[in-house]
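Heads up: the structure comes next, in structure tokens.
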Amino acid sequence: MDVSPPIVVFGLPAYNGEEHLAEALESLIAQTRRDLAVIVVDDDSTDGTESITRRYAALDGRVSYERNERTLGLVRNWRRAVELAVERFPDARYFAWASDHDVWHPRWLEALAAELEAHPEAVLAYPQSVKMDDSGAEFPVNETVFDTAGVADPLERLRQTIRHATFGGTIYGLFRADAVRRAGPFPLVVLPDNLYVARMALAGEFRQVPRRLWYRRYRFGVVMSVDRQRRAFFPEGVPLWAHAPWWLMHAVVLARSRQRAAGPVRVCWVYLAECARRARARKQARRAFRRLRRAKLRARGAALPDPVALLRRLRTDGEKRRESPGRSAPAPRAGPASAPPPAPDPRDEGAFAAYERVRDEVLRMLAARPGGADDLGDLLDASPSTVAALRRQAHRVGGVSPEGYEPGAEEARRRHTRKLVALERVGSVVYEPRLLGGFGFETDGGLVNADTLRFSEALIALGRAEVLPEIAPEGTVLEIGAGWGGFAYHLKSLLPGISYAIVDRPERFLVSAVYLLTAFPDARAVFWSAGADPARLGGADFVFVDEEDAASVPLEGIDLAVGSGSLEALPAHRLAADLDRLGALGVPYLYSLNRDRSVGNPDLRSLRELLERHYWVHEPWILRWAHDQWIGEGEPAAKPKPNAPERVVYDPDRYHHLIGRRRLVPQNPKRGFVP
């Protein structure tokens, strides 16, 4: 493989990590910046680590394999990775440690290298991280925000690092290679990452990129402890000196380090003082958490406040704070009971013309296929008044019904408000327009109904998985079974420059295509059929494809494939063929919001198993309640925790947000798999 000299070398110490090694390697060699090298240093593993690595080394010349003659232990193997990197690639500018079980986003190297190149005073750049379990399910944890940008005093950088840094995530950042060489070998002490990061804090600034680009896997049964570290560091037996207090060993090693910002006494004093301060802060935080938990248990029987009233009070307080002398506060929006009839959306005027165009295209599609139309046949001869209220017909193709959204439905309004507030805490919401009879509960942002919450939850999932930046600003999205076009509207509103292709039954375009072409009157739409000229697809905003002709459409360069509630309804053989086609087209990302087992499709044994043929699957955490549940009603999902002794059970009958990243080496179907 002809590649340029590497700008960065990944040193990957591996030991009996065959379960996740392939995904880790693929995430490294799939980086958008290609000038890299990966050195896998196998610490005499007894599993399939060697065979997996050699397979990827044969696939990509940037991967090399080195096996230790005997087990060196974790720290010495980390040192060996640095030695080989310096020996083989002395001109590389950056170095990074990798692991045999974590995952790197394709933009990891590009984003961090750009940060270091823009800030020569920094010695380390690292992103925000995501914690996940063996299956790729994300843990709901707070994102750590920390860097030392602009801090020139080395001792002050050391203080801030000890107080606030997350050492387990920082050590897997991107280092300047010359700073790594000056820092000396990786320390052979307990908690070596803490000490090494402290060394680097004395050497220069840390820069954090505010994107979730690294996935740290917490493996089931692996518990972080000092005793476990000692056994991993000294496979031939733990020496007596290794049982000394870790903070004392750290101070001694740091004082003798090559990178001292001041005299050894001052460095030791600052380090020990800040370690003690951090320990006290953690102890106080644990006490506060226990007190809060006891208070919640005592108040469990108390009545909860009305969330609608609470939301209004918070917004009113915010408006009062923003109010200044000589400037009146904005008038609050009226509630649904007192609101006047809303004015129609001005885009509705062109709705019937869009309908007539779509109807002609649908009739042409239906004439070329057997079977005719399904239960939407009455829309083939709709009146202008029917088209003007088309959104209220959307429940026939997977949308929610307008029933239950009338003034006075306060209990339903409270349910929607609870979920809206919960979603706004983790992301942004695209509200329902009044287009073609749009309906929902009135809020300060617009109309909200169950579809609004579902599609916004999907956008939040794509945003948290860092997929939306990959399709912006002019990417291509393919949706299988778009229903009434609600998700297409949400995504096109958020990213107006994208091209959107929909594969569905032709008669459903009487709803989805009419709605989308009315919402985006200037959009260029193409209705595809077998034998059409591929040149017509160039520059199209929307492409509508009959599902029977999906194999004939030359859709190249698709950035994201979407299946929201539609994949579970497909026959197993049809779904397998569609996913195989996506894999063959090289679609890099896939998003699914479906149940793993469909009651209406007995042949579909496992949707996730089908996805994993061609995609590495990750499940972002949004809320404990699924999209079809209301907060506080029904059984919520178990809230997983890193290093928990119990494994979280995957519920196949529950809706899951699944993000798939394409495999470089497709997986063979499992034995006994249907079809």
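The values are calculated or read from the model by the stated rules, or taken from the named source; none is laboratory data. The model shown is predicted, which means the values in this text are computed figures rather than measured ones. All Cβ positions, even for glycine, are placed from backbone atoms using ideal geometry, and neighbour counts span all protein chains on display. Areas reflect the complete protein model, heavy atoms only, side chains present, ligands, DNA and RNA absent. Shrake-Rupley method; radii C 1.70, N 1.55, O 1.52, S 1.80 Å.
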Residue within the range 364-374 that is under 30 Å from Val141 (Cα atoms) and either open to solvent by 60 Å² or more (accessible area, probe 1.4 Å) or touching a helix residue (DSSP H, G or I) at 6+ places or on another chain (Cβ under 9 Å) (or both) present: no
Selection from the range 510-555 of residues that are under 26 Å from Gln393 (Cβ atoms), outside any loop (DSSP other than H, G, I, E, B) and not hydrophobic (A, V, I, L, M, F, W, C): Ser512, Tyr515, Thr518, Asp546, Glu547, Glu548, Asp549
Where Ile558 falls short, out of the listed (1) assigned to a loop (DSSP other than H, G, I, E, B); (2) open to solvent by 20 Å² or more (accessible area, probe 1.4 Å): (2)
Boolean, Thr144 is modelled with pLDDT under 90 and not acidic (Asp, Glu): yes
Subset of the range 32-74 (residues that are under 31 Å from the mean Cα position of the chain (by Cα), farther than 21 Å from Arg661 by Cβ, among the hydroxyl-bearing types (Ser, Thr, Tyr) and outside any helix (DSSP H, G or I)): Ser64, Tyr65
Test: Ala461 is aliphatic (A, V, I, L, M), open to solvent by less than 10 Å² (accessible area, probe 1.4 Å) and within 23 Å of Gly557 (Cα to Cα): yes
Answer residue from the range 198-225, given it is of a type in the set (Val, Ile, Thr) and in a loop (DSSP other than H, G, I, E, B) and is most open to solvent (accessible area, probe 1.4 Å) among those: Val223
Set Arg508, Arg454: member being open to solvent by 10 Å² or more (accessible area, probe 1.4 Å), basic (Lys, Arg) and within 18 Å of the chain's Cα centre (by Cα): Arg454
Test: residue in the range 190-197 that is open to solvent by 10 Å² or more (accessible area, probe 1.4 Å), under 20 Å from Phe95 (Cα atoms), touching a Ser or Thr at 6+ places or on another chain (Cβ under 8 Å) and not in a loop (DSSP other than H, G, I, E, B): yes
Selection status of Val40, open to solvent by less than 10 Å² (accessible area, probe 1.4 Å), at negative phi and touching a residue at least 12 places away in the same chain (Cβ under 8 Å): yes
Subset of the range 125-157 [closer than 30 Å to Pro652 by Cα, touching a residue at least 60 places away in the same chain (Cβ under 8 Å) and assigned to a loop (DSSP other than H, G, I, E, B)]: Asp133, Asp134, Ser135, Gly136, Phe139, Pro140, Val141, Glu143
Scan of the range 20-31 for residues that are in a loop (DSSP other than H, G, I, E, B) and either among the basic types (Lys, Arg) or open to solvent by less than 10 Å² (accessible area, probe 1.4 Å) (or both), ordered by number: Gln31
Asp444, sole failed condition from (1) loosely packed, with under 15 Cβ neighbours inside 10 Å; (2) under 20 Å from Val514 (Cα atoms): (2)
Cβ pairs under 9 Å, 6+ apart, first in the range 571-589 and without any contact (Cβ under 8 Å) to a residue 40 or more places away in the chain, second of a type in the set (A, V, I, L, M) and loosely packed, with under 15 Cβ neighbours inside 10 Å: Ala577/Ala551; Arg581/Ala551
